[in-house]
Each structure stands twice: as structure tokens, then as C-alpha cells.
Amino acid sequence: MSEIEGFLDRPDGSRLAWRLVEGAGPTVVWLGGFKSDMTGTKAEALADWALAQGRAYVRFDYFGHGASSGDFAEGTITRWREDAIAVLNELTAGPLVLVGSSMGGWIACLAAMALPPRVAAMVLIAPAPDFTEKLMAPEIPPEGRAALAANGVWLRPSEYGDPYPITRNLLEDGARWSILGGEPIPIQIPVRILQGGEDPDVPWRHALELAQGLKGDDVVFTLIKDGDHRLSRPQDIARLIAVVEEF
């Protein structure tokens, strides 16, 4: 058994890079984070697990991420949600287990709401729903707001590498997809959330708000007291794979 790869052509001419392991279902689908890609530690570990266990697994890069085409600065939550739904519709069949990390946790929720018959369960790692509005916008410094007002883009420093271009369009579009703080989130499938207590990017209380907002009752929130945002240590990877194996 091996992993195959290719590109999914989108109507606007862009191409989404993907990798796929054929195997027994349900299909596990990796949904990465903001400015991340499908070759990260957790995505690779799940690929190794899928190959070893004969499980179906799909990972991909959103528009403007990794090996996919497009300018990252032109991406929005709307666009990345559409990318995820296109991958689910065109590269998978049968029930799905969505594994979403950080922004991917938000995208996973939006995909589950769009395709309720197909998504059987979700595993979310440091999920960041509504991050553009609730986590990012409040922390923009005065010079960032000035840059957004003048140019529509602010280069946000990142401890993970080069600055991230944050656009006015991203912030305004993200508000359209808000799922926290209102009606119960209409997701009633089993959900497992892994959250680091020392996460500097997604406070554990933010992830807990998502857990409490889900309409379903089969929700387990695991706080890893000394865990960071990435949760990519060997013990974190082992915990992730054990949770995925539940489904």
C-alpha cells in the first residue's frame, strides 16, 4: 500500500494539492491550520498510521497553502471552506472522520454543517473557530490597524516563520462564518477535542467554548496541561492517533 498524490482543479483555474491513502473506511481527512500545510508532523504521522493500518486517509493544502496554487493573501474562510467541501465531495466516498487543527477545526465544523449525512465524527486539535474575529482582531496593534486602513493588509509577526499577511477581506469575511456565542452549533456527531493548556495562540477557554456550544452530547474535551499549540510531541501524536482510532 502506498500514498498517491495529485491536484484537484477548481472552477477558477486554481489547483489544490492532495495526497491519498486507499484503505478501509471511514475515511480520515486532515484539515490543516492557518498558513500550515499537509506535510506537518501531525499530518505525516496520520499518513504513516493509515498506511500501517490499511485505513483510508486524505490530506490536502488549501488555496494559497503548501503545494496548492494561489496567493495566500487572497484566501478567506469562505474560500478555504469551499476547498474543503470540494475535496470531500470529489476525493472521498462514504462516512468521514474529520481531523482539524487550529483553523482546520473551524473549517471542519463548517464542513460538518454543510455535509451532515457524511461526517460521522470529528477530532479537533486546538480548534480556532471564529479566530479572525475573536482571537486575531482584538490583538491587532495600532500600527496594524493603520496598515489595514491604508493598504488593506497588515504583516503580522509570527513565531513560526515569516510574517503572515492579514487582510481586511479575511477579517470581514471571517465574521460571516461565526459559530460561537449564538444558537447551539448544529453538530450532533461524536467530537473529541485535544487542547494544550499552554497554547499561546488558542486559549483553552476558547476551545472549551466550542465544546460547550456543540448541540450534540457525545463531546469529550481533553486538556493537556503542559501542551502547546502544535501538540506535535511524541506523546501528543500518540494521543491523537488513539483518539482517531476510536472512530
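Inside the stretch 165-186, residues that are more than 16 Å from the chain's Cα centre (by Cα), in contact (Cβ under 8 Å) with a residue 60 or more places away in the chain and not in a helix (DSSP H, G or I) make up a count of 4.
Could you check the stretch 1-116 for strands (runs of 3 or more DSSP E) lying wholly inside it with 2 or more residues that are of a type in the set (Gly, Ala, Ser) and crowded, with 24+ Cβ neighbours inside 10 Å? Where strands (runs of 3 or more DSSP E) fall fully within the stretch 1-116 and carry at least 2 residues being of a type in the set (Gly, Ala, Ser) and crowded, with 24+ Cβ neighbours inside 10 Å, they are 96-101.
In this structure, does residue 240 turn out to be among the aliphatic types (A, V, I, L, M), at pLDDT 95 or above and surrounded by fewer than 16 Cβ atoms within 10 Å (Cβ to Cβ)? In short, no. Please specify each residue of the stretch 140-184 satisfying the condition of being among the acidic types (Asp, Glu), surrounded by fewer than 16 Cβ atoms within 10 Å (Cβ to Cβ) and under 30 Å from residue 211 (Cα atoms). Those that are among the acidic types (Asp, Glu), surrounded by fewer than 16 Cβ atoms within 10 Å (Cβ to Cβ) and under 30 Å from residue 211 (Cα atoms): 159, 172, 183. Pairing residues of the stretch 40-62 that are β-branched (Val, Ile, Thr) with residues that are buried (at least 21 other Cβ atoms within 10 Å of the Cβ) and in a helix (DSSP H, G or I), at Cβ distances under 8 Å and at least 6 apart in sequence or on separate chains, gives 58/87. Go through the stretch 212-241 and give me each residue that's closer than 18 Å to residue 31 by Cα and among the aliphatic types (A, V, I, L, M). The answer is 231, 237, 240, 241. Is there a residue being of a type outside the set (Val, Ile, Thr), in contact with a Pro (Cβ under 9 Å, 6 or more places away or on another chain) and free of Cβ contacts under 8 Å to residues at least 40 places away in the same chain anywhere in the stretch 12-31? Scanning the stretch 12-31, I find no residue that is of a type outside the set (Val, Ile, Thr), in contact with a Pro (Cβ under 9 Å, 6 or more places away or on another chain) and free of Cβ contacts under 8 Å to residues at least 40 places away in the same chain, so the answer is no. Only one of the listed residues (209, 133) is under 17 Å from residue 108 (Cβ atoms), acidic (Asp, Glu) and surrounded by 14 or more Cβ atoms within 10 Å (Cβ to Cβ). That residue is 209.
Residues that are outside any loop (DSSP other than H, G, I, E, B), of a type in the set (D, E, K, R) and over 28 Å from residue 225 (Cα atoms) within the stretch 117-158 comprise 143, 145, listed in sequence order. In the condition set (1) of a type in the set (D, E, K, R); (2) over 18 Å from residue 185 (Cβ atoms); (3) modelled with pLDDT of 95 or more, residue 130 is compliant with all but (2).
The values are calculated or read from the model by the stated rules, or taken from the named source; none is laboratory data. Bear in mind the structure is a predicted one, so any value in this text is a computation, not a measurement. Don't worry about glycine lacking a Cβ; one is built from the backbone with ideal geometry, like all the others, and counts go over all protein chains shown.
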